[in-house]
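A quick write-up on the structure given underneath.
The values are calculated or read from the model by the stated rules, or taken from the named source; none is laboratory data. Every value quoted in this text rests on a predicted model; they were computed, and no experiment measured them. We place every Cβ from the backbone using ideal geometry, glycine too, and count neighbours over all the protein chains shown. Note: accessible area is taken over every heavy atom of the protein model, side chains too, but ligands, DNA and RNA are not part of it. Shrake-Rupley method; radii C 1.70, N 1.55, O 1.52, S 1.80 Å.
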Amino acid sequence: MLERYIDVLVFFCVFSKIKGSDNQEKLVYQIIEEQGNKGIWIRDIRFKSNLLLTQVNKILKNLESKKLIKAVKSVAASKKKVYMLYNVEPDRSVTGGAWYSDQDFESEFVEVLNQQCFKFLEQKASKAKETKTDPIAQRNSSYGSSADVWKFISELGISKVQLSVEDIETILETLICDGKVERSIVASAGDAGQTKLYRAVAPLIQPTGLMRMPCGVCPVFDQCYEGGSISPSTCLYMKEWLEY
């Protein structure tokens with residue numbers, strides 16, 4: 001009931017702001033409104049409204065000044081903006097979700113989440129081995145749901161943004177691709193649908209020694225020789241690998 005009351009208030013607030021607008025301004029507002037939380041490029045607004053660029057720019061500035069619409073930078077195109085209604089939350093496809101900050105991909109943040117998600121599943125597998133003697137029971141107890149992993153990550157407090165279970169499932173999918181985790185889908189109780197379960201697994205094939213050392217993935221391996229500008233004795237990556 002309260003939400004409906006708020007929606008009515010928002011409607012009348014917007015209506016009062018746009019009531020005095022001319023037909024062209026109302027048309028542009030309607031075009032933007034139809035796009036929902038995905039937004040619309042200024043080029044598409046021009047195409048749909050059949051207005052000149054100068055007219056569209058002026059209308060957009062007026063609507064922004066009235067706080068009826070807003071411009072949002074899209075991760076799909078760094079130099080372009082999409083327009084949507086002022087009170088609409090942008091879709092993840094526009095903002096990039098939790099993995100982007102000011103249009104920059106947070107690779108370090110993703111790597112930390114990757115490690116912590118795997119750590120949780122590893123700990124769950126270790127605990128299953130310690131408390132269960134039956135192999136089947138061990139296997140079943142080593143599984144954790146994406147909601148379990150999400151709760152663990154949330155309690156760690158390592159994220160500055162609010163992560164969803166879907167965000168954690170995205171990270172778990174990368175671990176599956178790396179061969180570190182496997183997924184099983186089971187039917188949930190009642191009408192809850194299906195539940196995704198995950199567990200840590202040992203890779204089927206261990207990488208060879210050559211691939212584990214820096215030389216195995218070095219892009220200038222063929223230019224490396226003792227006494228040269230690229231040399232094993234002066235290679236920082238080799239030194240770090242040996243010390244590790």
The one condition in (1) open to solvent by less than 40 Å² (accessible area, probe 1.4 Å); (2) at pLDDT 85 or above; (3) not in a helix (DSSP H, G or I) that I168 fails to fulfil: (3)
Segment 27-66 - residue that is over 23 Å from G97 (Cβ atoms) and touching a Lys or Arg at 6+ places or on another chain (Cβ under 8 Å) and, of those, most open to solvent (accessible area, probe 1.4 Å): L52
Scan of segment 130-146 for residues that are without any contact (Cβ under 8 Å) to a residue 24 or more places away in the chain and out of contact with any helix residue (DSSP H, G or I) (no Cβ under 6 Å at 6 or more places or on another chain), ordered by number: E130, T131, T133, D134, P135, I136, A137, N140
Every pair of residues 6+ apart whose Cβ atoms lie under 8 Å, when the first sits in segment 76-93 and is more than 18 Å from I59 (Cα to Cα) while the second is in a loop (DSSP other than H, G, I, E, B) and modelled with pLDDT of 85 or more: P90/G39; D91/G39
